[in-house]
Structures are given as structure tokens and as C-alpha cells.
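Asker: Sharing a structure here in C-alpha cells format.
Readers should treat all values here as calculations from the given coordinates under stated rules, not as data from a laboratory. Everything quoted here is computed from the prediction, not taken from an experiment. Don't worry about glycine lacking a Cβ; one is built from the backbone with ideal geometry, like all the others, and counts go over all protein chains shown.
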Amino acid sequence: MPAHFRVFIKKIHVCLHFKISNMFYLLRKAHLLQLFVGLSVLLFCGVEIFIKPLDTSLFCGSLPCATLLVQWLMVHPVGAHFFVFILFLLQVGLLFHYVRKSDFLDEENVLSILFFCAISLGMGIFLPLSPAWFTNTAALAVLNLSNYANNTSHSKTFLLFAGIVLGVATLFDLTALLLILFFILHILINQIDKLRDFMAMICGILLPYCYLFVYHYLAGSLLEYLHSFSQIRLQFPLFTQSHFTLFTFIALGLGLLLTIYVLIRIKVLYNNKLIVVRRRFLFLCVFFGFNILMLLTTNVVYPYSLHYVLIPVTVAVIAFIPVKNFAISTEVLLIFLTASFVVMARF
């Protein structure tokens, strides 16, 4: 290589402060590039939502509220696309806010948005619309509300709102019941005034059901509404599907092992963090376990059921990227982790 060319390359590295050993360094430090990449990904996802015909087949045999929503989406196709796009923006905004407020990053960046959108599109589970969209949105809202409940004197108000969000989510997806169990565990361990906080959350969960029961009672259709719940059956499609290939099983095992390894490594790296940050990371691990249970028990068919595990995996990867002494082996590990999720969904 000519000497003047080597000098030119060296100057570029100095100007950008780019570290060859860390391929994420440029995205972390170049804020204009972050803004450009983030807006580009959001624009691409928005185009994807509006140009594809809206498929609601994954709602077959769903809860009554989900069935009514599907009927509305079919009657209003234009409004349906806007509804899905707003739901997507809500997920992205809540994810970015949760990562920023949880102190998993030393500086603000849009890597959480980039990874969440890119892995969703790469796995091919971005669309069609499924009940997992509502459960994911509810999970992100509850995680944000729990942060505020732990840091303010108005914890019961935030827990009441969190309960309402959880109650609404269970009206569209039975799997969200596991989210309620996770949040109950969160309250029992973290909150000081456990009984009152617990009752505030339970009241919030019951409010949407009370509203629906009163509405159907006044409309004279309460018995029909209650009978519609008896038609719901848990199908466990992950255990009944027979089209899994060898690549799918290998990718499933590799993705699970690599995710667990990343979580363990973050636990070691976060030992010198504040107690509140370590506690939030502990509940991220517990949340990942509950998301695995959602994947196993949902009626959403595979691979679209993988949508449930995207939130904890995204947060874990984002918390792992800014570590010091980011070696080439760590970059390769994250590449294999991302590739395993793409393979398990595509094959």
C-alpha cells in the first residue's frame, strides 16, 4: 500500500475517532449518523407497513375484543395501516425511553431502535399483525411505568395505570396473563408498601373488565359475551408444528445459549453499577424467562411467536454493546446471535 494512502487512512481514523476493534463505536459517537440511521430505519418500516396488505389471520380464534378489532380493521383498511404504524411508533418510543432511563447506557443513542427494527425485519416477523404486538406494547409501557413507580412518591398512581395497561392487554392476548405474574413478582420484591401497591395494580387490571361487563350488561348481551370466552382454547402451536428443519433447531439452541451467555456476561460487567441498575438488570433476566414462557404457551404460530422475545433480547444486546474493551470475539458473538434469530425465523 502506498505511503500517502496509509497516511490518508490514518487521518480519517483520527478525524472520526474510530476504533477498528469496535464496529459499534462510530454509531455510538457520531450523533448525526445515529439520527440518519434511526430515521432511515423508521421510514423503511413505515413504508413496509403501508405497502403490504394487512394480514390479520393470526387473530383466528382470539378473544372477543381481538375479534372486534379485526372486524374494524377489515372495514377500515386505511385506518388499519395507520393504527399499526402508530402501534409500531409507540413500541419504538417506549423501548428507547426505557433503555435511556434504565441507565443501561452511559450515553444516549438510537442503537435500541436500530436493532429492534432491523432484527424484526430480518426475521420476517414484522408483519402480519398478531396479538404479540399488543403484549409487547403493554410490556414496554409497564416497564416504563415501573421505573417511575420506583423513583417517585406517586407509585400507586403509576401502578394503577400499569394495571390498566395489563388488563387491556389480556383482553387481546391470553399470553399477557404471564405478564401480570411477572409484574406481581416485580412489586413483591421492589415495593416498600407492598399490600397497597399490589391492590392498586389489581384494581387497575380489573377496571377494563368491569367496564366491559357493565357495558354488555346494559346492552343485554352479557351472557353471550361470557360464553364467547368459553370458546377459547390454548393450542400450543410451537409443539404441534412439524415443519421445523434441522437449521431451525440448531438456530433455536444457539440463540438461546448465546442470549443466556450475554446475560451472564452483563451480570459480571454490571457488578460495579448502582444497586438500582443491578436490580433492573436482574428483572430483565426474569422478564426474559417469562417471555420464553409466552413463546411456549401462545396461540400465535411460529415464527411470529418469536416477537415475544424481541424486547429482552434487544435490551440485553444494547446493554452489552457499550462495555469497555469490546473485543473482536464479542462482535462475532453478537453477529452469531443476530444470525441465529434470523435463521430460526426464516428456515
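Asker: Working out 0.36 nm times the residue gap between Cys210 and Glu331, then minus their Cα-Cα distance, what length gain in nm do you get to one decimal?
Answerer: Numbers: separation 121, 0.36 × 121 = 43.56 nm, distance 5.02 nm.
Contour length minus the Cα-Cα distance gives 38.5 nm.
Asker: Rg over Rh of the range 250-320, using C-alpha atoms and the Kirkwood radius, what does it come to? Provide the component values of the computation, followed by the final result.
Answerer: On the way: Rg = 13.0 Å, Rh = 12.8 Å.
For the range 250-320, the value is 1.01.
Asker: Using a 10 Å cut-off on Cβ atoms, rank the peptides 156-168, 91-103, 329-341 from the highest mean neighbour count down.
Answerer: 156-168, 91-103, 329-341
Asker: To the nearest 0.05, what FRET efficiency results for Leu256 and Tyr217 with a Förster distance of 51 Å applied to their C-beta separation? Before the final figure, lay out each step's value.
Answerer: Numbers: r = 46 Å, r/R0 = 0.91.
Computed FRET efficiency for Leu256 and Tyr217 comes out at 0.65.
Asker: Arrange the following residues from fewest to most other Cβ atoms within 10 Å of their Cβ: Thr137, Thr248.
Answerer: On the way: Thr137 21, Thr248 18.
So the residues, fewest neighbours to most, are Thr248, Thr137.
Asker: Output needed for the range 69-120: three equivalent-ellipsoid semi-axes, defined as square roots of 5 times the C-alpha gyration tensor eigenvalues, in descending order, whole Å. Present the calculation step by step, with values, prior to reporting the outcome.
Answerer: Values: eigenvalues 186, 21, 10 Å².
Square roots of five times the eigenvalues give 31, 10, 7 Å.
Asker: Would you calculate the separation in nanometres between label points at Arg279 and Leu177, each defined as 7 Å from the Cα along the Cα-to-beta-carbon direction?
Answerer: If labels sit at Arg279 and Leu177, their model points lie 3.0 nm apart.
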